[in-house]
Amino acid sequence: MLNMSDTQNAIREEAKKALESRGVTLVIGWGAGSVPFKTTPVFINKSEDVDKLVWNPACVNNLAVYLPKLAKNSRVGIVAKPCDIRSIVTLIQEKQVKRDNLFIIGLGCRGVVDAQNLEDQDFHLQDVLAIDWVEARLKVTTTSGEHLLECSDCLREMCLVCTKRTPAIYDVSLGEAVEPVEVKGCALPELPEERRKYWSEQFAKCIRCYACRQVCPNCYCEQCFADRIEPKWTAKKATTEESWMFHATRAMHLAGRCIGCGECSRVCPVDIPVAELMSEMSRLVEKKYGYQAGDPDEELPVLGQYKQDDVDPAQHGG
Amino acid sequence: MTEQTLTQEPEIAEAPKTGEWQPTILGILCNWCSYAGADLAGSARLKYPETIRIVRVPCSGRVDPMFVLKGFQKGFDGVMVLGCHPGDCHYAKGNYYARRRIALVKDLLATLGIPEERFHFEWVSASEGNRFAQLVAEFTDKIRKLGPFAGVGAK
């Protein structure tokens, strides 16, 4: 079993080999951020720069978002967590990127940290020196010493319900395999009217910055419906109704495609639980069609296929 | 189908009194079956509530889920999508794709808390003029009981 710094060294080693002898022109990975609890995407095209790559519980970004543009015409290496890899699978499935153009350095993952959760536990983020996984817990080193935290208190919400913690496809697999955890059910209010009010309150906050769309690897459309003037599906003004239309449509567009990395919720500046909507849709898709987004055994997206005996949504039957 | 079933008056809920609130329903109908069914209802002089606003599409496979969402966003009290029976699609398989899409639209509406009674999906063939009129009458009646839709953004 590799520990965190071993994995990090192995990533650097593989990235170096990829750049030097495997025809890879660029390696996308995480690099140290401005502060220890943050990382930033790095793009490495020279083998002497591989030491910029890091691996720690702050490697939150789903780097697959860059692939449709960067891996169009050349071979690109990518360091990816299991969730990122499922995004890559959907991109390959939807023909946005060719498998041959990718060199995937897959990692086993124990979940990544939500900086907000650390703050909520009275950590001053500027005092944090390092974070690391220790067994099933998280070690936070601060200026005042080392603290061991339970994962449930500090990981991102999506990581707590993640069941796929080993890479689905890869060229090199590093890091340890981790046992999946139990799946949580739907956390939305039960009554329709309460649900509608809940979402109405959430979408009322939306400032239409489209960060959720920009960060989503599956939102690769060159022209998004939200940017279109004609037909005007949704106006640009940030009213609740218009935002509802944007989020509802986006949820529909991602139904059966969202792999649940939770990036949309993470980047939202006004804390709309976008991923909650997406994950509920994924749950319903799986229930109806036994389909999981990001499964390498699936050849077509769930809405790009049908079966004669599909569930019939007609009230009176066919 | 006998002549009698074709021209039989559908049972319509009690006609609303003047001034009473009337629901507005968006109907998205496939050109080859359901729209022809609606046409037949018209030619046969069958009465059905004037609450439905019909949009004709080439196939239920053309029904973008956004049509349904936009309907609710624009404040329709109910949305109805009608297509050819499975196996009867003019384009062979458009309605099979539609079936999956519509099933997911229903799931999405449920997730967003739009009452499922406000959305109705049904297979209606070109010969089912009577059934079309009946469905519109039933759906109108249901929406009338539910009352006006508060809107997607109402607090």
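Read the figures in this text as sums done on the coordinates, not as results from a lab. Please read these numbers as outputs of a predicted model, since none were measured by experiment. Virtual Cβ from ideal backbone geometry, glycine too; neighbours counted across all protein chains shown.
Roughly how many debye, to the nearest 20, is the charge dipole of the protein assembly as shown about its Cα centre, given +1 on each Lys and Arg Cβ, -1 on each Asp and Glu Cβ, and no other charges?
That gives the protein assembly as shown a dipole magnitude of about 1380 debye.
For chain A, what's the relative contact order in percent, using C-alpha pairs closer than 8 Å and at least 6 residues apart?
Here the relative contact order equals 16 percent.
So what's the gap between the Cα centers of region A:28-47 and region A:248-318, to the nearest angstrom?
When both Cα centres are located, 31 Å separates them.
Most fluctuating residue of A:LEU53, A:LEU277, A:LEU148 in a GNM of chain A with Cα springs under 10 Å: which is it?
Highest fluctuation of the listed residues: A:LEU148.
At 24 Å minimum axial length over the Cα atoms and a Kyte-Doolittle cut of 0.0, report the qualifying DSSP H helices in chain B, or say none. Mind dumping the intermediate values first?
Working: long enough: B:94-112 (27 Å, 0.06); B:129-146 (26 Å, -0.36).
The qualifying helices are B:94-112.
Can you list the aspartates and glutamates whose alpha carbon sits under 20 Å from that of B:LYS93, skipping same-chain ones fewer than 8 residues off?
A:GLU299, A:ASP309, A:ASP310, A:ASP312, B:ASP64, B:GLU122
Could you pull out the longest piece of chain B with no exposed loop GluC sites (Glu not before Pro) in it, calling a site exposed if DSSP puts it outside H, G, I, E, B and it has at most 12 other Cβ atoms within 10 Å?
Working: sites that count: B:GLU11, B:GLU14, B:GLU20, B:GLU50.
Between exposed loop sites, the widest span is B:51-155.
Return B:TYR96, A:TYR210 ranked ascending by Cβ neighbour count within 10 Å, so the fewest neighbours appear first. Let's see the in-between values first.
On the way: B:TYR96 19, A:TYR210 16.
Fewest-to-most ranking of B:TYR96, A:TYR210: A:TYR210, B:TYR96.
Compute a Gaussian network model of chain A, connecting alpha carbons closer than 10 Å, and tell me which residue from A:ARG156, A:ARG75, A:ARG228 fluctuates the most.
A:ARG228
Report the Cys residues of chain B lacking a disulfide-compatible partner, meaning no second Cys Cβ under 4.7 Å from their Cβ.
That list is B:CYS30, B:CYS59, B:CYS89.
Here are some pairs, A:LYS232/B:LYS155; A:LYS17/A:LYS139; A:LYS95/B:LYS106; A:LYS164/A:LYS288; B:LYS70/B:LYS106; A:LYS72/A:LYS95; which of them have Cα atoms lying more than 22 Å apart in this structure?
A:LYS232/B:LYS155; A:LYS17/A:LYS139; A:LYS95/B:LYS106
Sort A:GLU94, A:GLU230 so the one with the fewest other Cβ atoms within 10 Å of its own Cβ comes first.
Working: A:GLU94 15, A:GLU230 5.
With the sparsest Cβ surroundings first, the list reads A:GLU230, A:GLU94.
Have a look at A:VAL270, A:ALA235, A:GLY294 and report the one farthest towards the positive end of the charge dipole of region A:192-306, computed about the Cα centre with Cβ charges (Lys/Arg +1, Asp/Glu -1).
A:ALA235
Sort A:GLU241, A:GLU201 by Cβ crowding within 10 Å, fewest neighbours at the top.
Details: A:GLU241 21, A:GLU201 13.
Least crowded to most crowded, the residues run A:GLU201, A:GLU241.
About the Cα centre of region A:192-306, how large is the charge dipole given +1 on each Lys and Arg Cβ and -1 on each Asp and Glu Cβ? Please answer in debye to the nearest 20. It would help to have the intermediate numbers written out before the result.
Details: 16 positive and 17 negative charges, 90 e Å.
So the dipole magnitude of region A:192-306 works out to roughly 440 debye.
Which distance in Å, rounded to a whole number, links the C-alpha centroids of region A:62-120 and region B:55-130?
For region A:62-120 versus region B:55-130, the Cα centre distance is 35 Å.
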